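Q: Following this message is one structure expressed as structure tokens.
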Amino acid sequence: MSEIHAKRVHVVVDRGPMEKIPTTIYAHEVPCLEIQHGEGSVHVPEQLPDGMDYAENGAVVTLDLDEEWARLIGKYGRHPDMNVSVCEYVFQGQKANLARACAESATRDETRGTAGVDADGDGNMAKAEIQAALAEMAIPFHKNATKAVLLETLRDGLSQILDEAGVDHDVDAPVEVLYRQARDLMTEGSD
């Protein structure tokens, strides 16, 4: 048995203006769900609705890698445009990539948004987190851009905001640092 650790997370699947479905999944399933329902359709809410039992939100559980691989293949089925399963597409056909995604998500705090960035500040933000930060900072972005392009757009936009405000900053600083500086600037401006 090859053990992996996966984090449970509550998400909302946006299927249109009248259909928003809350559900609990493992964090590594978000890309699979986005393939089924469209890119950017899965959101990790900052605040969970009252009156529901959220004890499992953020819980890290131990799973068997082979069993989880098989479960994802069964649950998400075939990719709509490719001749592979959604699971194989998302994890590039490698169980090791699934294990890596589980390890990364198990150590990231999904409820803290960009505060969950890794040590260099550029690798662990989920695509939805990057899009949320871009929207919050009013930085224009293409919804269908790749995660890497969105991250670079965020970095450039934050640098531009700080430059225009005359705030001294390191352009090579982690995105988390630039984001915090820009957010502090916006908070000061609203007082």
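The values are calculated or read from the model by the stated rules, or taken from the named source; none is laboratory data. These numbers come from a predicted model, not from an experiment. Neighbour counts are summed over all protein chains in view; Cβ atoms, including those assigned to glycine, are modelled from backbone coordinates with ideal geometry.
Q: I need the full set of residues from the stretch 137-166 which are outside any helix (DSSP H, G or I) and either of a type in the set (Lys, Arg) or surrounded by 13 or more Cβ atoms within 10 Å (Cβ to Cβ) (or both), in order please.
A: Scanning the stretch 137-166 gives 137, 139, 141, 143, 145, 165.
Q: Search the stretch 59-85 for residues that are on the phi > 0 side of the Ramachandran plot and pair each with any residue that is outside any helix (DSSP H, G or I) when their beta-carbon atoms are under 8 Å apart and the residues are at least 6 apart or on different chains.
A: 77/85
Q: What single numbered condition from (1) of a type outside the set (A, V, I, L, M); (2) closer than 24 Å to residue 27 by Cβ; (3) at pLDDT below 85 fails to hold for residue 136?
A: (3)
Q: Of all residues being out of contact with any strand residue (DSSP E or B) (no Cβ under 6 Å at 6 or more places or on another chain) and at pLDDT below 85 in the stretch 24-47, which is surrounded by the fewest Cβ atoms within 10 Å (Cβ to Cβ)? Just the residue, please.
A: Out of the qualifying residues, it is 47.
Q: Against the definition (at pLDDT 80 or above, surrounded by fewer than 19 Cβ atoms within 10 Å (Cβ to Cβ) and hydrophobic (A, V, I, L, M, F, W, C)), how does residue 171 come out, yes or no? Before you say what the answer is, go through the steps one by one.
A: On the way: at pLDDT 80 or above: no; surrounded by fewer than 19 Cβ atoms within 10 Å (Cβ to Cβ): yes; hydrophobic (A, V, I, L, M, F, W, C): yes.
No, not satisfied.
Q: Of everything in the stretch 65-92, what is more than 15 Å from residue 35 (Cα to Cα) and among the acidic types (Asp, Glu)? Give them in sequence order.
A: Of everything in the stretch 65-92, those that are more than 15 Å from residue 35 (Cα to Cα) and among the acidic types (Asp, Glu) turn out to be 66, 67, 68.
Q: Identify, please: which residue in the stretch 103-133 is at pLDDT 70 or above and in contact with a strand residue (DSSP E or B) (Cβ under 6 Å, 6 or more places away or on another chain) and is, among those, nearest to residue 181 (Cα to Cα)?
A: Among them, the one singled out is 128.
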